[in-house]
Every structure is written in C-alpha cells, then in structure tokens.
Amino acid sequence: MSDNQKDLVVWQKAMDLVLDIYRITKCFPHKETYGLVSQMRRAAVSIPSNIAEGRGRFSSREMSQFLVHARGSLLELETQIEIAHALEYIPKADA
C-alpha cells in the first residue's frame, strides 16, 4: 500500500472540488471576498488537506479521525453552497 494521498480517489475528487469552488467563487460579488468566498475556499481546501494529513499518519484510527474532519469540512461547504445559491450567487446547476 502506498502512503501517497495522490493514489486515493477520494483525495483526487476533493482536489477537483477545490478547483470547482475557486472557479465558481471567482464570479461572486466583490463584497463577499472576505465573507462567503473566503469561507467556502477554506472549507474546500480543508477537505483534501485533512485526507492528506490522515494518510500520513501511522494508524487507521488516526486516519479515521482526519477523515471525520474532512467530512465536517465537506458538510460546512455544502451549507455554504446552499447559502450562495439562496443569495443567487450560484445557479442551481452549479449548486
């Protein structure tokens, strides 16, 4: 088994999500730069970051804990996407 997070499909998909969030939030109103844009980008980046950090740990218990953190960030991001959609910053197709 490789210790490289890049081999994990979940990490690869999380990285794609980060790029999508950066692309989508680029079109948000300037007034949201330090608000919703910043929150969404930090939550998105946290997902693959926690997967990578967990992958580098020495036990499956530690890995599981970092996956819990990644899931928490994912749910946080999901909520922020719903808010952005409600504010009409994100079309339904992107949300």
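Readers should treat all values here as calculations from the given coordinates under stated rules, not as data from a laboratory. None of the values given here were measured: they were computed from a predicted structure. Backbone-built Cβ (ideal geometry, glycine too); neighbour counts: all protein chains shown.
Here the dipole of segment 7-86 is about 140 debye; that uses its Cα centre as origin and unit charges on the Cβ of Lys and Arg (positive) and Asp and Glu (negative). Translational diffusion of segment 52-95 was estimated from the Stokes-Einstein equation, with Rh taken as the Kirkwood radius over Cα pairs; at 20 °C and 1.002 mPa s the coefficient is 180 µm²/s.
Output the relative contact order of the chain, whole-number percent, from Cα pairs under 8 angstrom with separation of 6+ residues. Relative contact order for the chain comes out at 29 percent.
Quick check on the exposure proxy: order 87, 36 from fewest to most C-beta atoms within 10 angstrom. Numbers along the way, then the final one.
Details: 87 12, 36 19.
Ascending number of Cβ neighbours within 10 Å: 87, 36.
Kirkwood analysis of the Cα pair distances in the chain returns a hydrodynamic radius of 13.9 Å.
Segment 56-74 and segment 2-39 have Cα centres separated by 19 Å. Please check: in the Gaussian network model of the chain (C-alpha springs, under 10 Å), which one of 60, 38, 73 has the largest mean-square fluctuation. In the Gaussian network model the winner is 60.
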